[in-house]
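Everything below concerns the one structure shown next.
The values are calculated or read from the model by the stated rules, or taken from the named source; none is laboratory data. None of the values given here were measured: they were computed from a predicted structure. Here the Cβ positions follow ideal geometry from the backbone for every residue, glycine too, while neighbour counts run over all protein chains shown. Ligands, DNA and RNA are excluded from the accessible area calculation, which covers all protein heavy atoms including side chains. Shrake-Rupley method; radii C 1.70, N 1.55, O 1.52, S 1.80 Å.
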Amino acid sequence: MAEAAKTIAILGHIRPDGDCVGSCLAVYNYLTEQVPEREIQIYLEEPPVKFSYLKGFETISQNAGTGKIYDLCICLDASDKARLGDFAPYLDHARHSLCVDHHVTNAGYCEKNEILADISSTCEHLCHFMEKDRISKAVAECLYTGILHDTNVFKNSNTSGRTMEIAGMLMDKGIDFNRIINESFYRKTYIQNQILGRALLESITLLDGRCIFSVIREKDIAFYGVTGSDFEGIVEQLQITAGVECAIFMYEISDHYYKVSMRSGDKVDVAKIASYFGGGGHVRAAGCSMGGSVHDVVNNLTLHIEQQLNAREQEI
Ligand code: 5GP
Ligand code: MN
């Protein structure tokens, strides 16, 4: 598809994370190197600055209104059209479209859809479409970043032997993996640590300690001056609490409207719950947006969590 296209738009998902930014820039750099003289443009909401070491980061555009019609639109790591945010018109008007993704809830919204739900990340999936010998150090840095972030440094259950082989191949390209891990994953700003501390301090356990939740309100978001990407890692920290099967972290995006993140151990399918509330994701990591009081939102979610936990206990 990319060979014939003279103009290519690359899109990811709203609130871009490591796999989203990594996969967009991996494709951008690979195509720029392999099929030069194409006009390629990435459109994304402003990506976290911690990924600025990736080649091409500064070329990412936030302009949703150019009205340009592309020969090909490539959608990466976005499980449905709504996740493309304001940039969806580039897909609507493109002559051809391709989606590469790894979300179990992705029903396929492009002309061609390459979706593999059992794989760690979109970046790992992309490796299947790239010739190994042609992966440059710059592309390897992008792919490694995406895999690293979606596996939580190769610890999540979505990490396979193949994931590690691919990571090894990328390391052999000479990337500074130690710096990438420390600076893009573990490094936190002072404010990010403060908000993490606040979320942990105010967390509440439910369902006999099998569920934990925490919420950050709009007024606190304004007080600390934080944005969505500053909350990365909070739900994972909640999830590692001993005895917890399912963690919920939410922050208020507008009055009584919350962005919800869920993580689970091996008993709860959070993709199913997130999909029920109009979101999506993976079996062990999913999200959605919900309105109402905190009490209502938590009650609605825990009802589903409890049902699943009870069903599992009856199986045993
Ligand atoms: P996070 O909790 O880190 O925002 O997202 C966890 C996973 O769920 C990611 O793979 C993300 O793409 C997916 N996800 C989060 N929120 C939504 C949402 O509102 N809709 C859909 N379809 N997927 C989401
Ligand atoms: Mn991903």
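Starting from the Cα-Cα distance between Y276 and Y53, subtract it from 0.36 nm times their residue separation and give me the gain in nm to one decimal. Kindly include the intermediate steps, with their values, before the conclusion.
Working: separation 223, 0.36 × 223 = 80.28 nm, distance 3.74 nm.
Contour length minus Cα-Cα distance gives 76.5 nm.
Using a 1.4 angstrom probe on heavy atoms only, work out the carbon and sulfur share of the accessible area of the range 47-183 in %. Don't jump to the answer; show the numbers that get you there.
On the way: 2980 of 6160 Å².
Summing carbon and sulfur atoms, their accessible area is 48 percent of the total for the range 47-183.
As an exercise, identify the GluC sites (Glu not before Pro) in the range 1-69 lying in DSSP coil whose Cβ has no more than 14 other Cβ atoms within 10 Å.
Values: sites: E3, E33, E37, E39, E45, E58; in loops: E3, E37, E45.
Sparse-neighbourhood loop GluC sites (Glu not before Pro): E3, E37.
Hey, rough spin-label estimate for M164 and L207, points 7 angstrom out along Cα→Cβ, what's it come to in nanometres?
Label at M164, label at L207, 3.1 nm between them.
Considering only C-alpha atoms, what is the centroid distance from the range 119-171 to the range 50-98, in Å?
Each part's Cα centre sits 22 Å from the other's.
Could you check the simple spin-label distance between R312 and Y190, using points 7 Å along Cα→Cβ, in nm with one decimal?
4.1 nm
Nearest 5 is fine: what % of DSSP beta bridges in the range 1-85 come out antiparallel, could you say?
Numbers: 0 of 10 bridges.
Counting only bridges with both partners in the range 1-85, antiparallel ones make up about 0 percent.
Which residues in the range 1-36 place their backbone N less than 18 Å from a point set 7 Å from the Cα of N63 along the Cα-to-Cβ direction?
7-12
Check which residues have an amide H placed less than 5 Å from Y258's amide H, if you skip close sequence neighbours.
Long-range HN contacts for Y258: I253, M290, G291.
Roughly how many Å² is the accessible area per residue of the chain, as a whole number, for a 1.4 Å probe?
46 Å²
Under 12 Å Cα-Cα from K112, which aspartates and glutamates qualify once same-chain neighbours fewer than 8 residues away are excluded?
D101
So which lysines can K155 reach, going by Cα to Cα under 27 Å and dropping same-chain residues fewer than 8 places off?
K50, K55, K132, K137, K173, K188, K259, K267, K272
Which of the trypsin sites (Lys or Arg not before Pro) across the range 84-187 are loop residues per DSSP, with 13 or fewer other Cβ within 10 Å?
Those that pass, being in a loop and sparsely packed, are R95, K155, R187.
Given a Förster distance of 30 Å, report the FRET efficiency between E46 and K6 from their Cβ-Cβ distance, rounded to the nearest 0.05. Please list the in-between numbers first.
Values: r = 28 Å, r/R0 = 0.93.
Calculated transfer efficiency: 0.60.
So how far apart, in nm, are the two label points at R134 and K219 if each is 7 Å from Cα heading toward Cβ?
5.7 nm
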